[in-house]
1. Out of VAL161, VAL139, VAL151, report the one residue that is β-branched (Val, Ile, Thr), crowded, with 17+ Cβ neighbours inside 10 Å and modelled with pLDDT under 90.
2. State whether one or more residues within the stretch 166-179 are at pLDDT below 75, assigned to a helix (DSSP H, G or I) and open to solvent by less than 90 Å² (accessible area, probe 1.4 Å).
3. Which of the residues spanning the stretch 19-31 are more than 9 Å from the chain's Cα centre (by Cα) and either more than 24 Å from TRP72 (Cβ to Cβ) or surrounded by fewer than 17 Cβ atoms within 10 Å (Cβ to Cβ) (or both)?
Amino acid sequence: MQEQGTGAKFAMSSGNRGPKMRLEVRVIGPLTVRRAGVALSTGPPKQRALLALLLLYRRQTLSREQIVDELWGSGPPPSAIANLRSYLTNVRRLLAPEGRISCRAGRYQLLLDRTHFDIDIDLDRLTELADQRGSVGEVDALGTASTPALVLCRDEPLEDVPAGRLLGAARDRLLGQQLAVVENLFAARLAAG
């Protein structure tokens with residue numbers, strides 16, 4: 001079966017559970033979560049926004065206020081905190097056992113065990129490869145990655161996720177990376193003749 005959408009992904013698989021439990025999350029194009037190749041429901045728009053926020057800001061903690069502001073803007077409903085708790089529970093279930101959400105003093109962080117799975121975004125790897133072009137050998141290596149890189153750069157990040165200030169900034173950063181990859185690929189091709 002052909003997988004819909006391509007994009008940056010976090011590939012996560014538990015070391016002792018084998019390929020059956022493989023979890024893959026894509027953020028380029030529509031936000032997609034798959035386990036063992038089967039698409040999982042990411043829930044309603046605000047829950048998807050929470051998932052995207054935790055994934056893209058996984059190296060830092062986010063306050064409850066930052067998350068509420070991201071999901072509801074300056075006028076959250078009285079039920080915002082209760083809804084946030086429900087979304088957090090659903091995201092925890094979705095990502096378990098590979099990921100878990102830490103909550104300390106009203107601050108949240110997605111914790112991913114780097115020893116059990118690879119969370120490097122493909123786009124980061126391709127950007128690094130494109131930035132290191134120069135010698136003929138590097139240009140040749142970049143040429144072999146050009147088709148996946150261009151496919152990776154054709155879709156907008158988080159295209160189906162409502163974005164507030166934080167997700168908008170993360171989306172802009174990913175769009176900048178996509179542009180840099182495409183520019184560097186073409187520069188490498190021109191340099192190679």
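The values are calculated or read from the model by the stated rules, or taken from the named source; none is laboratory data. Values in this document were obtained by computation on a predicted structure and should not be read as measured data. Virtual Cβ from ideal backbone geometry, glycine too; neighbours counted across all protein chains shown. Note: areas computed on protein heavy atoms with side chains; ligands, DNA, RNA excluded. Shrake-Rupley method; radii C 1.70, N 1.55, O 1.52, S 1.80 Å.
1. On the way: VAL161 fails: modelled with pLDDT under 90; VAL151 fails: crowded, with 17+ Cβ neighbours inside 10 Å.
Step by step, each of VAL161, VAL139, VAL151 is checked, and only VAL139 is β-branched (Val, Ile, Thr), crowded, with 17+ Cβ neighbours inside 10 Å and modelled with pLDDT under 90.
2. If we filter the stretch 166-179 for residues that are at pLDDT below 75, which is where we start, we get none.
The answer is no; no qualifying residue exists.
3. Selection gives PRO19, LYS20, MET21, ARG22, LEU23, GLU24, GLY29.
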